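The values are calculated or read from the model by the stated rules, or taken from the named source; none is laboratory data. Please read these numbers as outputs of a predicted model, since none were measured by experiment. Counting neighbours? That spans all protein chains shown, and the Cβs are built from the backbone with ideal geometry, glycine included. Just so you know, the surface numbers come from the protein's heavy atoms only, side chains and all, with ligands and any DNA or RNA stripped out. Shrake-Rupley method; radii C 1.70, N 1.55, O 1.52, S 1.80 Å.
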Amino acid sequence: MRQELRGIYSIWLREIIKFYRERIHFASAMTTPLLWLIIFGGGMGINLRTGVVSSGYSAYIFPGIVGMTLLFTSMRSGISVIWDREFGFLKEILVSPISRTSIVIGKALGGATSALSQGIMLLLLSFIVHIYISPWNFIKILPIMLFISLGFDVFGLFIASIIDSFEGFQTIMSFIIMPTFFLSGALFPLSNAPSWLQTLSLLNPLTYGVDAIRGIILNEGQFSLSYDLLIVSAFSGFMLIITSWIFNIKK
């Protein structure tokens with residue numbers, strides 16, 4: 001057990017160091033959500049009058065932008081598997097004494113930590129859209145963000161484990177990330193959307209993560225917090241089991 005934990009810690013630490021050495025990527029990842037908030041939220045807020053958004057539009061999309069940051073950073077961290085495979089590092093850790101499940105856990109925790117740190121930084125900037133988050137609500141949001149990050153990070157690892165090229169990974173990601181984001185209710189309420197759109201959104205785990213954060217911050221959640229937490233934690237656990245299984249059968 002101690003050897004497995006040491007292996008998970010080593011892989012987690014490597015992912016964190018890699019992430020923070022890429023300062024341009026880090027700056028870009030933080031700039032994009034701020035641009036969405038200021039430009040898209042401000043511009044659309046002037047023109048959009050849905051009648052069901054009681055808070056300001058910038059405040060309404062703030063939880064969605066936090067979810068977007070977690071989604072993008074988590075999913076794209078899966079590309080590290082392809083890099084590691086390309087440069088031979090993956091082969092080295094696969095023959096190490098730790099189990100492949102521990103390798104998946106270590107990489108998932110590394111990617112989730114990076115995404116979580118960006119999400120926390122964004123929460124600290126909530127005053128930009130005139131949102132006050134109490135310390136207790138801040139603490140309540142953390143496990144939601146952790147499960148979102150962990151679930152989509154492992155999902156990214158799953159895609160990367162069955163795709164051999166960078167181009168293939170990027171293509172698959174473009175088909176998954178944006179629809180997942182737009183179908184989460186991040187930018188507009190889905191209560192007045194067509195029924196088929198509402199059905200698709202209910203199948204999207206990010207919907208429940210965004211709903212939970214919105215419920216805590218704005219008290220405008222569609223579902224109960226416990227239900228949202230159950231869905232995002234089940235999604236993370238399911239993806240962890242599937243991806244670990246793929247890693248264990250892959251040669």
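The table below gives the values:
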| quantity | calculated |
| --- | --- |
| Highest-first arrangement of 104-113, 173-182, 238-247, where packing means the average Cβ count within 10 Å | 104-113, 238-247, 173-182 |
| Values of log10 I(q)/I(0), in the order q = 0.17, 0.18 Å⁻¹, for segment 105-251 under a Debye, Cα-only, solvent-free model | -1.05, -1.15 |
| Cα point-scatterer Debye curve for segment 71-178, base-10 log of I(q)/I(0) at q = 0.11, 0.22, 0.24 Å⁻¹ | -0.42, -1.13, -1.25 |
| Karplus-derived HN-Hα couplings along segment 3-17 (A = 6.51, B = -1.76, C = 1.60, θ = phi - 60°), whole Hz, x at Gly and Pro | 5, 5, 5, 5, x, 4, 5, 5, 5, 4, 5, 4, 5, 5, 5 |
| Extension gain, Lys91 back to Leu125 (0.36 nm per residue minus Cα-Cα distance, nm) | 8.1 nm |
| Cα-only radius of gyration and Dmax that characterise segment 178-225, units Å | 10.0, 28 |
| Size descriptor, Kirkwood hydrodynamic radius, that averages inverse alpha-carbon separations across segment 61-119, Å | 12.6 Å |
| By accessible area with a 1.4 Å probe, ligands and nucleic acids excluded, highest first: order of Met1, Met75 | Met1, Met75 |
| Linear extension gain, Met178 paired with Leu197, 0.36 nm per residue minus alpha-carbon span | 5.4 nm |
| Filtered chymotrypsin sites (Phe, Trp or Tyr not before Pro), segment 74-170: DSSP coil and at most 12 other beta carbons within 10 Å | Phe87, Tyr132 |
| Counting all C-alpha pairs of segment 115-192, share separated by more than 18 Å (%) | 58 percent |
| Between segment 225-251 and segment 134-184, the Cα center-to-center distance that results, in Å | 12 Å |
